[in-house]
Amino acid sequence: MAGESRPLSERVAAPERLAVPTHPSVARWRPATDADVDALWHLHQRIGEIDHPNHLMTRESLKAFRALSYYHPEQDSLVGIDSGGELIAHGMAVMPPRQRTLVRSILLGGVHPARRRRGIGQALFDWQIGRARQQLAASQKTLPGWIVAYADGRAPQNQALFERNGLALSRYFLGLGRGLTEPITRVQPADGIRLVPFSVALSAEIHAARDAAFADNWGSQPLSEEGWQLVVHGSTFRAELSFAALVGAPDDGEPGAGEHVVGFLLAAVNEGDWPHQGFSSSYISMVGVLAEWRGRHIASALLTAHLDAGRALGLDRATLDVDSNSPTGALDLYTGMGFARTHSKRAFVLEL
C-alpha cells in the first residue's frame, strides 16, 4: 500500500464532538464500564448465537480486551440501555497500534436480536463511524486510513448496514473445517526442519515470525505485544495443539544450538462454541511460514501435527478461517489437507 502525500490529520474529516444518539427504544446511551462486563458478555452471546454461532466471545476474552492500553472505553465504546435497565446494544471503534503500512479503525459490536429492525443499529453505527473518523484524524501518519467492519455470511443485515453507510465489500474469508476421524495425510517437512510443541521460550520468536510471515496478507499489520499476549495467554489458547518449525544454522555445534523459528501454527479451543456447533473442535487461529522458507512442506507438516494432536485429545473437528484470495495459496493448502468450506465472513472498508 502506497503512502499518501498528506497526513491523515489533514485528509480525514471528523466531528469535533460526537453527538449522543437518540432512539425511542433506548433510554440511555453511555460508554461501557468494567461493571458492564457480565451484561456485555451475555449480549454478545445472544448476538453470536444468531450471527456467528461457530465463534462466541468468552467472558475472559472480553475482559482482557478491555484492559488493552490502546482501547479507551470512555471514548471508544457506547452502550444502549432500555427503559428497564437492560443493555441492548454495544459498539466499539478500536485503532490498533504498530501501523506499518496502514492505519485502521475497526468497528465491533451489535444489537440484541430481539431489538433489531428498529433503527438502533443505524444510530449506533453513526456514532461508531464518527468515532473512527476522530481516531484517524488524530494520526499524523501519511499512510492509507481504513474504517473496517466484518459481517458473517449468516448476518446479511450487517452487510446491508455497512454498504448503506459507504463501506465497500473488500475481501471474502472462508470458514473451513474437517473431521478428525477422516484419514490424515502424513506430511513431513524438508530435511533440516523439525517441529516442536509451542513453548513460552519460543513465544517472542514466534511473534516476530508471525509479523514477518503475515506482512503480505491483506490488511495485516504487526501485532502489538499486548495483542500477542492475548493470543498466547488467552483462556482458549492450547499449547498442546500449537507448534513451531525450527531450522538450525549449518555450523551448529551441539543439537538444537542456533535453531530459529521459520514456521508456526497456533490453536485455540473454546468449549462454549461446541453446543451451537454440535461438535467439539479446535480452532487454528494462525498458520505462517517465513517467505524464504516456503515450498518445503512446513505448513502441511504443521497441520499434520495439529490434526494428530486434536485426534489424540478426542476432538471431533478442526476449524479455521482463510482469506479466499490469499497470496500464499493458503486456501489450496487447506483444501488439500481435507478441509472444506462451512461458512463465510466478509470484510467491508471505507478508505480515507
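The values are calculated or read from the model by the stated rules, or taken from the named source; none is laboratory data. Here the structure is a predicted model, which means the values were calculated and not measured. In this analysis, Cβ positions are derived from the backbone assuming ideal geometry, glycine residues included, and neighbour counts consider all displayed protein chains. Heavy atoms of the whole protein, side chains included, go into the accessibility calculation; ligands, DNA and RNA do not. Shrake-Rupley method; radii C 1.70, N 1.55, O 1.52, S 1.80 Å.
Tell me, what is the percent relative contact order of the range 129-237, built from C-alpha pairs under 8 Å that lie six or more residues apart?
11 percent
Kirkwood analysis of the range 90-202, using all unique Cα-Cα pairs, places the hydrodynamic radius at 17.9 Å.
Mean projected area of the Cα convex hull of the range 1-95, taken over all directions, amounts to 8.8 nm².
Magnitude of the Cβ-charge dipole of the chain, K/R +1 and D/E -1, about the Cα centre, nearest 20 debye? All intermediate terms of the calculation are to be shown ahead of the outcome.
Details: 34 positive and 37 negative charges, 254 e Å.
Result for the chain is approximately 1220 debye, rounded to the nearest 20.
Contact order for the chain, expressed relative to its length and based on alpha carbon pairs under 8 Å spaced 6+ residues apart, stands at 23 percent. Take each peptide in 341-350, 125-134, 272-281, count the other Cβ atoms within 10 Å of every residue, and average; sorted highest first, the result is 125-134, 341-350, 272-281. Here the chain has 52 percent of its accessible surface on carbon and sulfur atoms, given a 1.4 Å probe and all protein chains in place.
Using C-alpha pairs under 8 Å with a sequence gap of at least 6, the mean separation divided by the residue count of the range 1-95 gives a relative contact order of 32 percent. Multiplying each eigenvalue of the alpha-carbon gyration tensor of the range 160-309 by 5 and taking the square root yields semi-axes of 29, 20, 16 Å, largest first, rounded to whole angstroms.
Summary of packing: across the peptides 189-201, 319-331, the per-residue average of other C-beta atoms within 10 Å ranks them, highest first, as 319-331, 189-201. For the range 38-142, the mean projected area of the C-alpha convex hull, equal to one quarter of the hull surface, is 7.6 nm². Given the alternatives [x] 5, 22, 32, 25, 12, 3, 1, 0; [y] 5, 22, 31, 31, 11, 0; [z] 5, 25, 35, 24, 8, 2, 0, P(r) over Cα pairs in 10 Å bins from 0, in percent as computed for this entry is given by [x]. Take the chain with all the other protein chains still there, run a 1.4 Å probe, and you get 46 Å² of accessible area per residue. A cut-off of 5 Å between modelled amide H atoms, ignoring neighbours fewer than 5 places along the same chain, links LEU143 with GLU4, LEU8.
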